[in-house]
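Student: There's a structure below that I have some questions on.
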Amino acid sequence: PSVGRSHRPNLRANSALGMAQCEAVASADQHMLGERCEVLNAKERISVVMLAASRHRLVIEAGRLDTQTEKGLEACSRFLRTLENTATALDLEAAPRDYRESFSLNYRGLFTEETRSYRVDILEAGTSLDRHPVIWANGEEYELSGDAMECSEKLKEAWSEVLTVLDMWITTTGSPRMPPQFDRAQLVAAMDNLDRAWACFENAYISELMKVQERARGLVAQAVDCERCLSLLEQSYSEDELVELPAYQAEKRALVACIARLNSVANFQRKGRDDLTVGILDAAVELLEHCDDTDIPLAAPGVSLGSARMLAEQVVESFEELRDYLHEVQHHLELLHPHLCQNAGLVARLVRWEESWEIGARYVHNEDVLGALCYLVPQIQRARSVAPALREMCEDCDAELFLILPRIVWLCLLKDPAKAIELIRRLLPHRFEQRAMLGGAGGGPFHRLARSHSNPDLAAAENARVEKGPCMGSELQAVTEKFWRAEMLLSRALSPGAASSTSAWEVLIRRAVSGVVGSEDMEDPYAALAEGGPRQAAVACAEELMHELEAWSMELQRHSAEDWNECINVLVQCLANGDSSRRKSSADNFAV
């Protein structure tokens, strides 16, 4: 199909000049035209000369008509319009085009009833099928029929014949001229032959495209049938009965599989994943049920389920949006573009479905990572209350926020590694030993991560016991111990007045947000520390820790940029309490 172009060359002046030149040649010098022009009246002569001039402007590259460049497309469009006008001027009868009545609504809209309606895309297809005898749509190859290929050959032959006849009316310099030997019947026969060949190919080619469209509709129609069956079951059974109903579970799996297939062929804005399964939806529904059941304690102290609920709701909502679309589109299947990626309404919903389900697969469907996220978000919210500048950055989505958040994430992890470790292990798997460790005095390095209170003595932490857990690598263990030491020294250096209202972790948060100590526009993060020797040692240890955390923050962002960007996106959504109105805006109004 033709592709819209926003910039076209201005040929109006050249067109006017060509018209004047054609009229001059056609009517001024009767002694040159002589008896040979008696078969053409003045109007016909002007039309033929203008057609010949338009033919001369066609762009030919390597022996083939160019319709891909701006200049080539404009020249071809002008020639086809002039060809129709010339056929009208010569009073030629158009080939029957009643076959268009069988075209779908989309294709009937491309043509004006039974007029010739010559189109560049039809000509382009007809003259290039020898090079591209197949149609690609939705990732599948469709081979054209023998009839379509035969009609294509006839169109190419008729097209070449018309160009040859018109070449006699133009000199090598492009000036119009009267051919030495002109046969009106030859031109009429060539144009009639082209019109019949054109109609034959147009019929065959559009019919092939409609078959492709029907197969494309089949993918959507299959999903529509699954959604309809699912809706009928939901109307016939209660929610408790549906949970135990095998037919309902089977239809739900089938619908998710259909959506995944549609996503793989239509969602070009994202990855087009087809491996997102119904298990993600089941996990989200189960999580929402547990969140609504106040009798089941899910969250540990300091862990909020608000983030889990928001992510689960996004999974369910995106699925319901697609179901609503399928319910509505069943009445408009004839409007579906055969290339499913060209249907804006479908693509918008698939984009949100893939994004929310991909996040659901990594966070909602993974209990350990979800627990780490539910721990991390309240800690960052607490950090926002400690450092007002951070709150402003979150509200404005300031660029500096995305430099500070990695530091905050690390400080939250180091504050209580056991609660946040699974999220960091997903982002930096190479920093962990992939084995479980038993606790005990000599049980392995992870026993150092157990903590019994907020400001532990390092020796006590060294001897703490855990039964099992992920094992940090030696470098990550070293920075963890450095954090604990800085926390202990800062706690000892707090002034008596600030000790009751400020913790060492809050001092480190203020330091992470403030950036370089001594900045004129930032308050001193160590203002709560008492003057004296303990302060100097605590500040030195904290600065050494923050300097090292910069390198860890860069690694967190760069090791797997895609995973980190997804993580930061989830964190920002959770901190913003999931603005559902913004998330759903792309799919509010129905469009195919």
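Student: With respect to GLU208, determine if the residue is in contact (Cβ under 8 Å) with a residue 24 or more places away in the chain, of a type outside the set (Phe, Trp, Tyr) and touching a strand residue (DSSP E or B) at 6+ places or on another chain (Cβ under 9 Å). Step through it out loud before you land on a result.
Tutor: Details: in contact (Cβ under 8 Å) with a residue 24 or more places away in the chain: yes; of a type outside the set (Phe, Trp, Tyr): yes; touching a strand residue (DSSP E or B) at 6+ places or on another chain (Cβ under 9 Å): yes.
So GLU208 fits the description; yes.
Student: Name the residues in the range 305-345 that are under 27 Å from ASN569 (Cβ atoms), open to solvent by 10 Å² or more (accessible area, probe 1.4 Å) and among the hydrophobic types (A, V, I, L, M, F, W, C), would you?
Tutor: Once the filter is applied, which keeps residues that are under 27 Å from ASN569 (Cβ atoms), open to solvent by 10 Å² or more (accessible area, probe 1.4 Å) and among the hydrophobic types (A, V, I, L, M, F, W, C), the range 305-345 yields LEU305, MET310, VAL316, CYS341, ALA344.
Condition check ((1) out of contact with any strand residue (DSSP E or B) (no Cβ under 9 Å at 6 or more places or on another chain); (2) part of a helix (DSSP H, G or I); (3) modelled with pLDDT under 85; (4) within 23 Å of MET554 (Cα to Cα)) across all residues:
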residue	(1), (2), (3), (4)
LEU490	no, yes, no, no
GLU506	yes, yes, no, yes
ALA512	yes, yes, no, yes
VAL516	yes, no, yes, yes
PRO525	yes, no, no, yes
ALA538	no, yes, no, no
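Student: So ARG362 clears everything in (1) closer than 30 Å to ALA260 by Cα; (2) modelled with pLDDT under 90 except one condition, right? Which one?
Tutor: So the condition that ARG362 fails would be (2).
Student: Just name the residue that is nearest to the chain's Cα centre (by Cα) out of those in the range 236-290 that are more than 19 Å from ALA312 (Cα to Cα) and of a type in the set (Ser, Thr, Tyr).
Tutor: Per the stated criteria, the residue is SER264.
Student: While we're here: I'm checking my understanding of the structure. Among residues of the range 112-131 that are in contact with an Asp or Glu (Cβ under 9 Å, 6 or more places away or on another chain) and either open to solvent by 20 Å² or more (accessible area, probe 1.4 Å) or of a type in the set (S, T, N, Q) (or both), which one is farthest from SER160 (Cα to Cα)?
Tutor: Initially, the range 112-131 is screened for residues in contact with an Asp or Glu (Cβ under 9 Å, 6 or more places away or on another chain), giving 114-119, 122, 126, 129-130.
Subset that is either open to solvent by 20 Å² or more (accessible area, probe 1.4 Å) or of a type in the set (S, T, N, Q) (or both): 114-119, 130.
On the way: GLU114: 24, THR115: 22, ARG116: 19, SER117: 19, TYR118: 16, ARG119: 17, ASP130: 15 Å.
So the residue we want is GLU114.
Student: From the residues in the range 79-123 that are in a helix (DSSP H, G or I) and hydroxyl-bearing (Ser, Thr, Tyr), which one is nearest to CYS200 (Cα to Cα)?
Tutor: TYR99
Student: Looking only at the range 376-418, count how many residues are without any contact (Cβ under 8 Å) to a residue 40 or more places away in the chain, in a loop (DSSP other than H, G, I, E, B) and farther than 16 Å from GLN573 by Cα.
Tutor: Going through the range 376-418 one residue at a time, the tally reaches 1.
Student: Quick one: count up the residues across the range 261-281 that are out of contact with any Ser or Thr (no Cβ under 8 Å at 6 or more places or on another chain) and open to solvent by less than 60 Å² (accessible area, probe 1.4 Å).
Tutor: Here the count works out to 11.
Student: Okay, moving on. Is there any pair linking a residue in the range 54-74 that is under 18 Å from LYS156 (Cα atoms) to one that is of a type in the set (Phe, Trp, Tyr), with Cβ under 7 Å and at least six apart or on different chains, and which?
Tutor: Taking only residues 6 or more apart or on different chains, the pairs are ARG55/PHE79; LEU58/PHE79.
Student: Quick check on this structure: which one of LEU255, LEU242, LEU219 is without any contact (Cβ under 8 Å) to a residue 12 or more places away in the chain and closer than 30 Å to GLU358 by Cβ? Step through it out loud before you land on a result.
Tutor: Numbers: LEU255 fails: without any contact (Cβ under 8 Å) to a residue 12 or more places away in the chain; LEU219 fails: without any contact (Cβ under 8 Å) to a residue 12 or more places away in the chain.
Of the residues listed, the single one that is without any contact (Cβ under 8 Å) to a residue 12 or more places away in the chain and closer than 30 Å to GLU358 by Cβ is LEU242.
Student: Could you list, in sequence order, the residues of the range 124-162 that are in contact (Cβ under 8 Å) with a residue 24 or more places away in the chain, of a type in the set (A, V, I, L, M) and part of a helix (DSSP H, G or I)?
Tutor: ALA125, ALA148, LEU155, ALA158, VAL162
Student: Something else now. What are the residue pairs meeting all of these: first residue in the range 258-284, first residue farther than 8 Å from GLU354 by Cβ and of a type in the set (Ser, Thr, Tyr), second residue open to solvent by less than 80 Å² (accessible area, probe 1.4 Å) and in a helix (DSSP H, G or I), Cβ atoms under 8 Å, and 6 or more apart or on different chains?
Tutor: That search, which allows pairs on different chains as well, returns THR277/VAL256; THR277/ALA260.
Student: Look at ARG349 and say whether it is closer than 29 Å to GLY515 by Cβ and among the basic types (Lys, Arg).
Tutor: Here the answer is no, as ARG349 does not meet what is asked.
Student: Condition first: farther than 23 Å from ILE280 by Cβ and either without any contact (Cβ under 8 Å) to a residue 60 or more places away in the chain or touching a Ser or Thr at 6+ places or on another chain (Cβ under 8 Å) (or both). Now tell me which residues in the range 342-375 satisfy that.
Tutor: Listed by number, the list holds a single entry, GLN342.
The values are calculated or read from the model by the stated rules, or taken from the named source; none is laboratory data. This one's a predicted model, so the numbers in the text were calculated from it and none came from an experiment. Please note: Cβ atoms are built from the backbone with ideal geometry, for glycine as well, and neighbour counts cover all protein chains shown. Ligands, DNA and RNA are excluded from the accessible area calculation, which covers all protein heavy atoms including side chains. Shrake-Rupley method; radii C 1.70, N 1.55, O 1.52, S 1.80 Å.
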